[in-house]
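The structure appears right after this line, and notes come after that.
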Amino acid sequence: MTTYSTAAPSYLRWASGALIAMLLVLSGCASTGSSLLSSGPAADPRLTTGNDAQFFSKSGFQACAAGAGVGILACMVSNSNNKATCAIVAGIAACGVAMGANYYLDYRRSQYANTGERLNAMTTDVKADTQKVIERTNTAMQVISDNKTTLNKIQSDMKAKQLDQDKAKQQLAQIDKNIEVMSADVDNMKNKVKQYEDVSRAEKESGNTKQVKNIDSEISKMKQKVASLETEVDELYMQRSAITLG
């Protein structure tokens, strides 16, 4: 049976304060950070816009606060008898493992007293995040393919001594930015994998080794996808590093 607590546990109260603080910081940065983000070459729009751009381009706390804000605001305008508890739970639910393995695990345990139901919910969470990794990888692979074609053309033009230096510099600057964005994505993906591994380890330490098999299987799939993308980004970086303009 699924059980829900009617009172907000201490970790939820603490987390709500952290969420509110993050939301305030992020809202304050929105106006002051735009000028910093606009400086230098722009990354390929495919990496900065679209449905998959938000999932891994931000740190866990940033993504957490952004997602939590929607749930918290919904609670504030709802007819819920306990808006505060509603907001806290909505915030943690939106954060998922982005809030950290310990808070994620505590939240799921507060939701599900039944171990099987809890582990099923966790497995579903890992599957959902793996799908996000796949979507982001598909976008990144399109950009990487185009960037490799551009680099091949630059190398060919250099050998033929027909290189347009100004155009090449602009192209290389964008490729450098693309690599920066995709490398950050990979780091955030690897961090998410680690957090899920921490959750799995904690469940095993609680005596649920056999029941965690499905979660471990899904984590392994996510890890493989992330490793594949990391390899592609590294290859692009190596190809880019081989080009030096005079």
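The values are calculated or read from the model by the stated rules, or taken from the named source; none is laboratory data. This structure is a prediction, so every number in the text was calculated from the model and none was measured. All Cβ positions, glycine included, derive from the backbone under ideal geometry; neighbour counts span all protein chains shown.
Numerical summary
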| read-out | value |
| --- | --- |
| Pair list, Cβ under 8 Å, 6 or more apart: the stretch 215-235 residue without any contact (Cβ under 8 Å) to a residue 40 or more places away in the chain and in a helix (DSSP H, G or I), other residue crowded, with 17+ Cβ neighbours inside 10 Å and among the hydroxyl-bearing types (Ser, Thr, Tyr) | Asp216/Ser200 |
| Test: residue in the stretch 159-167 that is of a type outside the set (S, T, N, Q), closer than 16 Å to Asp234 by Cα and surrounded by 14 or more Cβ atoms within 10 Å (Cβ to Cβ) | no |
| Filter result (surrounded by fewer than 18 Cβ atoms within 10 Å (Cβ to Cβ) and either farther than 14 Å from Glu197 by Cα or at pLDDT below 90 (or both)) within the stretch 112-131 | Ala113, Asn114, Thr115, Gly116, Glu117, Asn120, Ala121, Thr124, Ala128, Gln131 |
